[in-house]
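For reference, the structure is listed below as structure tokens.
The values are calculated or read from the model by the stated rules, or taken from the named source; none is laboratory data. Here the structure is a predicted model, which is why all the values come from computation and not from measurement. Positions of Cβ are generated from backbone atoms using ideal geometry, with glycine treated the same way; all protein chains shown enter the neighbour counts.
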Amino acid sequence: MSSQPWELAWVRALALVGFLALPLVALPPAAAQDVACVIPEPIDAPAVSSEVESLRHLATGAGTTVAVIDTGVAAHPQLQRLTPGADFVTPEHPHPLHDCDGHGTVVAGIIAGADHGIAPDARIVAIRQTSGHFRFNPEDPGSPGSLASLADAIHDAVNHNADVINISVVSCVPASARVDDKVLRDALARAEDAGAVVVAAAGNESEACPDGSFVYPAHLPTVVAVGARNGAYTLADYSVSVPDDQAQVSAAGVPAAALSPSGKGFASGIYPREQSGLEQFVGTSFAAPVVSGTAALLQQRFPEETPAQLRQRLYRAAEPTGGYLDPYQAISTAGPAQATAPTAHPAEVQMAEQPDSFAFRRATWLLATIGGLLALLVLGIGIRRSYLTST
């Protein structure tokens, strides 16, 4: 077994080209579909956890749509409501229900797998936006893996009436870099207006994506950035930190059950083309769909709420330290959400409440002063009346 998680190895294959983290692999032209794909390692079907069974008594994601912007999603018996979206990798020969990389299928299964998925009744829209098997062309700003193609994929998700958009692909740039990201921000604004909650992987720390990087799209304001955890209270060392002004949400970085990209059964990992060792499914890519599945359940339970309100439900349900999100806790939490911007730290919440507290104290002082004056006035009148009577 490799000493590095598979997804970390995949990220290390990315290179910074024009401030974008893009796959650079010497492979056949993009039109070719018969390239050598990863080989999954089959395993027996895992047992269904009691947590999943309990969660399904509350909600199943029925009536919701989750768009998976990724490497494609293989048709699989466990994905009972799978719909093809656009293919931005090979648009001349579209095949979004083909996952040569063994990534998007695992993501979709975490969200809506029939036996183990968080929202098994949600409809999945497979949008193929990137692949390690096709070379990025830096001369073409709309080529696979670019911010422009990611923006196009988000628009396609909105066109398919997505309630939740899962993006388990990242583009890392230095925090001080200046990037023309207008097309991406416009796409996210359209998704927000359409009522879609956007969830993205926070990114895995690597040479191409060191901690402190600005990660697209995870670090943009209306996106829920999801880190990976090693345990309930331990954020994984490889999980890229969110900015100080952004809320931290995290989930397990290892799927409890991974659908095989072969289209049948389950897998413990994959054998990449370039390597002989088995690479396990580990990383923030597989934490994000936990939150996306939870967001689908919230959409089902609270269909009238805005994306901002639903984000607040996610943030409130997350643990204060590191943002661990328990789907059951998020769904069972009662009370209306507030359509306000996410708050990263409890201290900022307290600061936001200070003006209201001061206003309350000022009003109290004013009422006390008025009450005192009235008391003096009444006392004065009583004294005067007493004086007039005695004379």
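Inspection of the stretch 271-287 finds no residue satisfying the criterion of being in the same structural domain as D237 (by TED's automatic domain parsing), outside any loop (DSSP other than H, G, I, E, B) and among the aliphatic types (A, V, I, L, M). Taking the condition under 18 Å from A317 (Cβ atoms), in the same structural domain as V106 (by TED's automatic domain parsing) and surrounded by 24 or more Cβ atoms within 10 Å (Cβ to Cβ), does V215 pass? Spelling it out, it is not the case that V215 is under 18 Å from A317 (Cβ atoms), in the same structural domain as V106 (by TED's automatic domain parsing) and surrounded by 24 or more Cβ atoms within 10 Å (Cβ to Cβ).
Residue by residue, here is whether (1) closer than 22 Å to A75 by Cα; (2) aliphatic (A, V, I, L, M); (3) surrounded by fewer than 24 Cβ atoms within 10 Å (Cβ to Cβ) holds:
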position: I110; (1), (2), (3): yes, yes, no
position: A122; (1), (2), (3): yes, yes, no
position: D156; (1), (2), (3): yes, no, yes
position: D163; (1), (2), (3): yes, no, no
position: R178; (1), (2), (3): no, no, yes
position: R185; (1), (2), (3): no, no, yes
position: V197; (1), (2), (3): no, yes, no
position: A201; (1), (2), (3): no, yes, no
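Table: residues versus (1) assigned to a helix (DSSP H, G or I); (2) out of contact with any Leu (no Cβ under 6 Å at 6 or more places or on another chain); (3) modelled with pLDDT of 95 or more; (4) not assigned by TED's automatic domain parsing to the domain that holds A257.
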position: A74; (1), (2), (3), (4): no, yes, yes, no
position: Q78; (1), (2), (3), (4): no, no, yes, no
position: E92; (1), (2), (3), (4): no, yes, no, no
position: G109; (1), (2), (3), (4): yes, no, yes, no
position: P120; (1), (2), (3), (4): no, yes, yes, no
position: H133; (1), (2), (3), (4): no, no, no, no
position: V179; (1), (2), (3), (4): no, yes, no, no
position: R190; (1), (2), (3), (4): yes, yes, yes, no
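Filtering the stretch 80-90 to residues that are part of a loop (DSSP other than H, G, I, E, B), closer than 11 Å to R128 by Cβ and touching a strand residue (DSSP E or B) at 6+ places or on another chain (Cβ under 7 Å) leaves F88, V89.
Scan the stretch 81-111 residue by residue and report those that are without any contact (Cβ under 8 Å) to a residue 60 or more places away in the chain and of a type in the set (A, V, I, L, M). Correct list: L82, V89, L97. Does the stretch 259-268 contain at least one residue that is of a type in the set (K, R) and either surrounded by 19 or more Cβ atoms within 10 Å (Cβ to Cβ) or touching a residue at least 60 places away in the same chain (Cβ under 8 Å) (or both)? Yes, the stretch 259-268 has at least one match. Just so you know, in the stretch 155-212 the residues that are under 20 Å from T64 (Cβ atoms) and without any contact (Cβ under 8 Å) to a residue 12 or more places away in the chain include one that is farthest from the chain's Cα centre (by Cα), and it is N159.
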